[in-house]
Every structure is written in C-alpha cells, then in structure tokens.
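For reference, the structure is listed below as structure tokens.
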Amino acid sequence: MAQPTPKAGKSPAGTGRETSVPVPAAAGGGPVSHAIFRLARLHRMFAGQLLRRVGLHPGQEVVMMHLWELGPQRQTDLVRLLDSDAATMTRTVQRLEQAGFVRRRPSPTDKRAALIEPTAASHALRLEVERIWSQLEDLVTAGLSADERTAALLTLERLEQNLAQATADSAGADGER
C-alpha cells in the first residue's frame, strides 16, 4: 500500500519548529544530516537570488573571493583550494570569463599552465559581494546572540572536521585495497 507523501512538519528533534522540507521516515536515523541538507538547500537558494542581481551564481563568488585575496591562480590551485573537481572548476572559470570577471594569461613559470586573474570589472563587484555575504549572514543568524553565533560556528566547524576526517580515512582505505 502506498504511503502518503509527508508534508513539511515538525522538526525531528522535537523543537516544535516547522521544517521546510518533509522529513522522510528513512531519514529518522540522521536528523542532523537532514537538517544540514535543508539548511544548505535554503542557503544556496537564497544566496543565488542575491547573487543573480550582480551577475553571479552560487559558488562563483567564493572563487572570486580567493582570487581577490590571493591574486592570479592556476586553475589546478583553485581546484585544490576550494576542494572542487576539475570539471566543475573549468565550467565555473569559463562562465566567469564569459561574464568578464576573470581572464586567463600564460603562467610566467609554467608554459603549460594559465593563470586565472580577476578583472577590473570583478574588482568593482567585490563590495557588492561583501554586502551580499553580510546580508546573508544577518539573515541566517537573525535572533541569535553573540554567544549563540559563536557556538553555531564552532559546531559547524566541528561537523566539517568530522566529514573531512571521514573523507581522508575513506580515501586512505581505498588506497589500501
């Protein structure tokens, strides 16, 4: 017998707050993971709305932030820095190049490589991106005290460390086979 599709409902943690996405019974063993999924989806969606106004898509602004801070980078260095894959970074750089926010120039030290560098147009965009990220931060942390913001950040950093360690352990185990 088919089960009805669940509607958005109460948080599985019993906080009494409504969730934006139904929590399927199969996710019952992973309430934190499902909450991260919901939060990441909403964060990316809202960031996308804000970034579209300045001609960017989610993720492109992070590439730009690193280029503004570090200067020209090889694409392989951007892949490593952002823990991305080569195909995704290629598409991102191509789109940024088409939009006029980056350009490629030959590397002076490696004839096989090109450096990706921010353009003057992207530098004009920097203040807008910083404003958007501040706006997003204010929305995400609305109603939290300074101590709650600090605790949330520490918790998120710990979750990230756990996943990074699990990824490294998994990669090591795969290499042993």
Of all residues making up the stretch 44-78, the number that are assigned to a helix (DSSP H, G or I), open to solvent by less than 30 Å² (accessible area, probe 1.4 Å) and in contact (Cβ under 8 Å) with a residue 60 or more places away in the chain: 5
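Of the residues that sit in the stretch 17-43 and are under 23 Å from ARG95 (Cβ atoms) and without any contact (Cβ under 8 Å) to a residue 24 or more places away in the chain, which one is surrounded by the fewest Cβ atoms within 10 Å (Cβ to Cβ)? Step through it out loud before you land on a result.
Step one: filter the stretch 17-43 for residues under 23 Å from ARG95 (Cβ atoms), giving 40-41, 43.
Adding the requirement that they be without any contact (Cβ under 8 Å) to a residue 24 or more places away in the chain leaves 40-41.
Numbers: ALA40: 10, ARG41: 12.
Of everything passing the filter in the stretch 17-43, ALA40 is surrounded by the fewest Cβ atoms within 10 Å (Cβ to Cβ).
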Conditions (1) out of contact with any strand residue (DSSP E or B) (no Cβ under 7 Å at 6 or more places or on another chain); (2) under 22 Å from ALA164 (Cβ atoms): number failed by GLN73: (1)
Scan of the stretch 140-172 for residues that are assigned to a loop (DSSP other than H, G, I, E, B) and of a type outside the set (Gly, Ala, Ser), ordered by number: THR141, LEU144
The stretch 94-124: number of residues that are in a loop (DSSP other than H, G, I, E, B) and either in contact with a helix residue (DSSP H, G or I) (Cβ under 6 Å, 6 or more places away or on another chain) or of a type in the set (D, E, K, R) (or both): 5
Sole exception among (1) part of a helix (DSSP H, G or I); (2) open to solvent by 60 Å² or more (accessible area, probe 1.4 Å); (3) within 24 Å of ALA35 (Cβ to Cβ) for ARG91, by number: (3)
Count - residues of the stretch 109-157 that are without any contact (Cβ under 8 Å) to a residue 40 or more places away in the chain, within 20 Å of LEU51 (Cβ to Cβ) and surrounded by fewer than 14 Cβ atoms within 10 Å (Cβ to Cβ): 10
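Can you go through VAL140, VAL129 and tell me which one is modelled with pLDDT of 90 or more and touching an Asp or Glu at 6+ places or on another chain (Cβ under 7 Å)?
When all the criteria are applied, what remains is VAL129.
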Which numbered condition TRP133 fails, given (1) part of a helix (DSSP H, G or I); (2) hydrophobic (A, V, I, L, M, F, W, C); (3) touching a strand residue (DSSP E or B) at 6+ places or on another chain (Cβ under 9 Å): (3)
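The values are calculated or read from the model by the stated rules, or taken from the named source; none is laboratory data. Because the structure is a prediction, the values reported are computed rather than measured. Virtual Cβ from ideal backbone geometry, glycine too; neighbours counted across all protein chains shown. Areas reflect the complete protein model, heavy atoms only, side chains present, ligands, DNA and RNA absent. Shrake-Rupley method; radii C 1.70, N 1.55, O 1.52, S 1.80 Å.
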